[in-house]
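What follows is a short report on a single structure.
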Amino acid sequence: MNSVVRTPDEVLESLQKPELKSIGQLNLNPEDYLVVCGGFEDRAVAALETSSGAGFKVILITYEPFIAENKADHIRKVCRERKLGLSELPYNRQDPVGFGDPLVEAVSSCTGRVFWDISGMSRLLIVQTIVAFKNLPRVLEKSHIVYTEAQKYSPSQQEALEELARSQADPSFPIFFLSSGVFEITLIPELSSNAPPGLQTRLVAFPSLDAHQLLALRAELQPSRLSTIEGVPPGSHNQWREKAISDVNGLDQITNIEKYRVSTLNYQETLSCLLKLYRKYGIYERFLVSPTGSKMQAVAVGLLRLFLEDIQIVYPTPRDFLKPERYTEGAGQIHLLSLKQFLQAAPSQDS
């Protein structure tokens, strides 16, 4: 009897992907864990504030270096008022190496479900969190991603058009919308590639309104080829952002570029696009992926890297955040994604 051995990308592609479901609130049991991140966006606390249930445990990831606008104190206050067990894990965004190990240890004793609220997480932290599941697949089996949309995303269309006009009139004028500069291109061992050296490199990037991110990636990594995955916002009122991002980054002027368009919310589209690119180029080129798009696109990058260990994750860590209180405003729809189905073939290091 002949048996066919499938490659990890074939396994991932063939899996029936779970749907991202819209919910009104989280309903938590006493044995459940909720992992939240004390970011500076209003939506970082929405799932906790609106959740039902008592006695569940909260794990708070606190950011270093300290930013006064972060919501950590507010999360602590909610936990005190609701008499919830709280433990904390510091995350240094300028030195994030190895964070997956203490994170796995923190949730390893959970006997219920684990809800990972990514709404306040950085994109790199989202990828690190998902990749850490390979060390504890029994946690992956009962894990759920929680994602809250913002009501308002900065900048406004008028602000973006004004800044673009100033840049076109004076090419030396720098455009900074959300963050200022890049601290460094972060490469960490647990997200490194086992691909053989000497191959041409392909950078797969998610352009954003912070054009210095893509610029820094191209300047430091010097990729042989570039593929961009441009995000399509789900709401018509935000779809102007797609053209603005293209214009800010000068994508039409870049040579040797392949451009793709996927939803910023539907992670399945992003994952499908990444798998298409990997199967087209992964054998012949060193594959670098930078998760600078939406947070649900970062979830797709994390799932890809969970299965495919020959992919290198690179991340342009921001130097400073401009007006953190206006990064996004308000909290909108809450979404839930079960990760149980990805346990079927995720690589395991659990004994």
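The values are calculated or read from the model by the stated rules, or taken from the named source; none is laboratory data. Just so you know, these numbers come straight off a predicted model, no measurement behind them. As a convention, Cβ positions derive from the backbone with ideal geometry for all residues, glycine included, and neighbour counts pool all protein chains shown.
One residue is enough: does segment 75-87 have a residue meeting the conditions on the phi > 0 side of the Ramachandran plot and modelled with pLDDT under 95? No, that holds for no residue. Looking only at residues of segment 156-213 that are at pLDDT 75 or above, in contact with a strand residue (DSSP E or B) (Cβ under 8 Å, 6 or more places away or on another chain) and in a loop (DSSP other than H, G, I, E, B), we find that the one that is surrounded by the fewest Cβ atoms within 10 Å (Cβ to Cβ) is S192.
Here is a check on your reading of the model: is Q341 outside any helix (DSSP H, G or I) and at pLDDT below 95? No; evaluated as a whole, the condition is false for this residue. Counting only residues that are touching a Leu at 6+ places or on another chain (Cβ under 7 Å) and of a type in the set (K, R), segment 58-107 holds 1 of them.
When G282, G231 are checked against the criterion of being of a type in the set (G, A, S), surrounded by 21 or more Cβ atoms within 10 Å (Cβ to Cβ) and in contact (Cβ under 8 Å) with a residue 24 or more places away in the chain, a single residue qualifies: G231. A count restricted to segment 1-47 and to residues that are surrounded by fewer than 17 Cβ atoms within 10 Å (Cβ to Cβ), touching a Ser or Thr at 6+ places or on another chain (Cβ under 9 Å) and over 30 Å from S109 (Cβ atoms) stands at 1.
If you go through segment 275-298 and keep only what is part of a helix (DSSP H, G or I) and closer than 24 Å to E184 by Cβ, you end up with K295, Q297, A298. Each residue in segment 61-112 was checked for being more than 21 Å from the chain's Cα centre (by Cα), assigned to a helix (DSSP H, G or I) and not hydrophobic (A, V, I, L, M, F, W, C), and 8 of them qualify.
Just one of the listed residues (V127, V104) is farther than 26 Å from G55 by Cβ and either surrounded by fewer than 20 Cβ atoms within 10 Å (Cβ to Cβ) or at pLDDT 95 or above (or both), namely V127. Of A150, A132, all but one fail to be part of a loop (DSSP other than H, G, I, E, B) and either in contact with a strand residue (DSSP E or B) (Cβ under 8 Å, 6 or more places away or on another chain) or at pLDDT 90 or above (or both); the exception is A150. Of all residues in segment 59-81, none that is free of Cβ contacts under 8 Å to residues at least 40 places away in the same chain and within 19 Å of V107 (Cα to Cα) has its Cβ atom under 7 Å from the Cβ atom of a residue that is part of a helix (DSSP H, G or I) and charged (D, E, K, R), 6 or more apart or on another chain. Residue count for segment 247-271 satisfying the condition of being buried (at least 21 other Cβ atoms within 10 Å of the Cβ) and not polar (S, T, N, Q): 5. Flag set for L306, criterion: modelled with pLDDT under 95, assigned by TED's automatic domain parsing to the domain that holds L187, of a type outside the set (S, T, Y) and closer than 28 Å to L336 by Cβ.
With the condition kept exactly as written, say whether any residue in segment 9-31 is hydrophobic (A, V, I, L, M, F, W, C) and part of a strand (DSSP E or B). Yes, segment 9-31 contains at least one residue that is hydrophobic (A, V, I, L, M, F, W, C) and part of a strand (DSSP E or B).
Going by the conditions given, is A68 of a type in the set (G, A, S) and modelled with pLDDT of 95 or more? Criteria not met by A68. Selection of segment 235-246 for residues being in contact with a helix residue (DSSP H, G or I) (Cβ under 6 Å, 6 or more places away or on another chain) and either surrounded by 17 or more Cβ atoms within 10 Å (Cβ to Cβ) or among the charged types (D, E, K, R) (or both) yields only A244.
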